[in-house]
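Each reported figure results from applying straightforward, stated rules to the coordinates on display, with no laboratory input. Remember, predicted model here, so these are calculated numbers, not experimental data. Note that each Cβ is placed from the backbone with ideal geometry, even for glycine, and that neighbours are counted across all protein chains shown.
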Amino acid sequence: MSSPLKLARRPRRLRRNAAIREMVHEVRLAASDLIAPLFVHDGDAPAAPVGSMPGVFRLNIPDLVAEARQLADVGVRGIALFPVTPPKLKDPLGREALNPECLVLRAVAALKAERLPLVVFTDIALDPYTTHGHDGVLTADGSDVDNDVTVDVLARMAVLHAAAGVDFVAPSDMMDGRIGAIRGALDDAGHVHTGILAYSAKFASAYYGPFREAVGSKAAAGTASLDKRTYQLNPANVREAMADAMLDEAEGADALMVKPAGPYLDIIVELRRRTLLPVAAYQVSGEYAQLHAAAERGWLDLERCRDESLLAIKRAGADWILTYFAKDVARALA
Ligand code: PBG
């Protein structure tokens, strides 16, 4: 046997057995970190699977309420609602967004009536309601989203959501000045306790594809892929993302979000360093789909990769994680 190396430090001492490894374990995921995104469709249509997202369904309101109860039972504390609007209710202005009887508001009312220990988030953006699939109203020549007109609509939309009882509105539109406008409108209407989770660093990402299929915003836009680069961030830009997020904080956001999550861990780290607010990260539809696709082929272990992907997002500094894996992970943790 060769003589041992004279090493002052042997890092492997801290990895020798399961008990030691448990004691030096640094970051842990908890069910209460998770926010489950849920798709809701109208009427009594049965649960409709989303093709590229195994295990994800568009649910009618009673099924949504049942799903919410199951999530609460396994310790998830947040749900984020996304309505699937029938094409006949879409128009270029997204008027359905301001209908007090619209699907998402009826869903909120049904959920709130259950008094579940859940924090309800709703998306503030016009893409579920517009025929073109953009997050706002277009300019007269149709070449771009009109920032200020859109912000005015979003502020009114946020007030309706607050009145329906949502805990946090989550503007995902990336218009300039929308956080300040929404905060002002909420306060003027007396909704001082309704929070704002700002999608602050939302990148123009190709990872949203399966979501657009789920809510039908891609079909609305036709075959051309939806180009949101005049409002969503360039995936190359860290500083620009921070500048935008700092504006959201200054305008009154209660929490800031990075989206997507896994490919943008550096953005989460950087935002965590710069704000004292909770940081959320959205593990988006494409991140979910790619793990499932590889697992279906037997190329990756779904559960282990799922857990590792979420742990990495938490380790980077996210306090809240929006993930389509929420229920499965919370169950596994229970
Ligand atoms: C749109 C919105 C999108 C997502 C959440 N809100 C898509 C988009 O910007 O086109 C994507 C979520 C996901 O991919 O899981 N307001």
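General remarks:
- Gain on full extension, evaluated as 0.36 nm per residue between residue 99 and residue 146 minus their Cα-Cα distance, stands at 14.8 nm.
- Counted charge near residue 233, where neighbours are those whose Cβ lies closer than 15 Å (Asp, Glu -1; Lys, Arg +1): -3
- Applying a DSSP loop filter and a limit of 13 other Cβ atoms within 10 Å to the trypsin sites (Lys or Arg not before Pro) in segment 236-334 leaves 297.
- Sites excluded, GluC sites (Glu not before Pro) in DSSP loops with at most 10 other C-beta within 10 Å, longest stretch of the chain: 102-334
- Kirkwood estimate for segment 134-240, i.e. one over the average of 1/r between Cα atoms, Å: 15.0 Å
- Sparse-neighbour loop sites [trypsin sites (Lys or Arg not before Pro); segment 107-173; at most 12 other C-beta within 10 Å; DSSP]: 115
- Among beta bridges from DSSP that stay inside segment 28-333, the antiparallel ones total about 10%.
- Think of the chain as a dipole: +1 on every Lys or Arg Cβ, -1 on every Asp or Glu Cβ, centred on the Cα centre; then among 186, 139, 299, 299 lies furthest on the positive end.
- Relative frequency of Cα-Cα separations exceeding 24 Å in the chain, percent: 55 percent
- Mean Cα-pair separation over length for segment 28-333, i.e. relative contact order, pairs under 8 Å, 6 or more apart, %: 19 percent
- Per residue, the convex hull around the alpha carbon atoms of segment 1-88 comes to 191 Å³.
- In a DSSP loop and with at most 15 other Cβ atoms within 10 Å, the trypsin sites (Lys or Arg not before Pro) in segment 17-96 are 28.
- Highest-fluctuation residue, 68, 289, 243 considered, GNM on the chain with Cα pairs under 10 Å: 243
- Dipole check for the chain: with +1 at the C-beta of Lys and Arg, -1 at the C-beta of Asp and Glu, and the Cα centre as origin, the magnitude is about 2040 Debye.
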